[in-house]
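The values are calculated or read from the model by the stated rules, or taken from the named source; none is laboratory data. Nothing here was measured: the structure is a model prediction, and the numbers come from that model. Glycine also receives a Cβ, built like all others from the backbone with ideal geometry; neighbour counts cover every protein chain displayed. Only protein heavy atoms, including side chains, enter the accessible area calculation; ligands, DNA and RNA are left aside. Shrake-Rupley method; radii C 1.70, N 1.55, O 1.52, S 1.80 Å.
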Amino acid sequence: MRVAMVFVLLFSGCSLFRPPEPVVLPFVPGCADYVALARAVVDGRRAGQSRQEQRLQVDEAAPHAAVHRATVESVYDWPRPTTARDWRALRETTAAAAEVRCVNRPARTLRGGWPP
C-alpha cells in the first residue's frame, strides 16, 4: 500500500513540471530553395503538368506564393522545348534567373523595392 502511495505521489507531481511547448520556426527559403523550385517547375512542365496544375500548387507556397507564381508564369510563357538540349537550356536559364533574383533581393530590399 505504501509503495502504491509513493508512486501516486511521484507521478502526480510530474504533471506540474511539463516541459515548455516547442517553438516552431517558420521555414524561410534560401537561394538554393528558389533555384530548386525553378528547376522543379521546369521538370513538372516537361513531365506534362499543365500551367493550371502548377498554379494550383502556388497557393500552397504562401507566404512565398508571389515568387512561385512568377516562376510558373515565366516557365510556361516560353515556347515548349522539343529536344533534351532545349529542356536543359530552359531548366538552367530558369535556375540562373532564380539565383540572380535571390542574390539581388537584399539590394532591392534596402532600397525599398519590390518584392521584399
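All conditions but one from (1) under 23 Å from residue 26 (Cβ atoms); (2) at pLDDT 95 or above apply to residue 86; the one that does not is (1). Within segment 40-98, being acidic (Asp, Glu) and either open to solvent by 100 Å² or more (accessible area, probe 1.4 Å) or in contact with a Gly (Cβ under 8 Å, 6 or more places away or on another chain) (or both) holds for 53, 59, 60, 77.
Considering (1) aliphatic (A, V, I, L, M); (2) touching a Lys or Arg at 6+ places or on another chain (Cβ under 8 Å); (3) modelled with pLDDT under 90, the lone condition that residue 42 does not fulfil carries the number (3).
Every residue in segment 37-54 that is more than 14 Å from residue 88 (Cα to Cα) and either touching a residue at least 40 places away in the same chain (Cβ under 8 Å) or among the polar types (S, T, N, Q) (or both), please.
So in segment 37-54, the residues more than 14 Å from residue 88 (Cα to Cα) come out as 37, 48-54.
Matches in segment 37-54: 37, 49, 50, 52, 54.
State all residues of segment 57-83 that are modelled with pLDDT under 80, within 14 Å of residue 38 (Cβ to Cβ) and out of contact with any His (no Cβ under 8 Å at 6 or more places or on another chain); if no residue qualifies, say none. 64, the sole residue that qualifies. Residues that are of a type in the set (Lys, Arg) and at pLDDT below 90 were ranked within segment 89-105; the one that is farthest from residue 32 (Cα to Cα) is 105.
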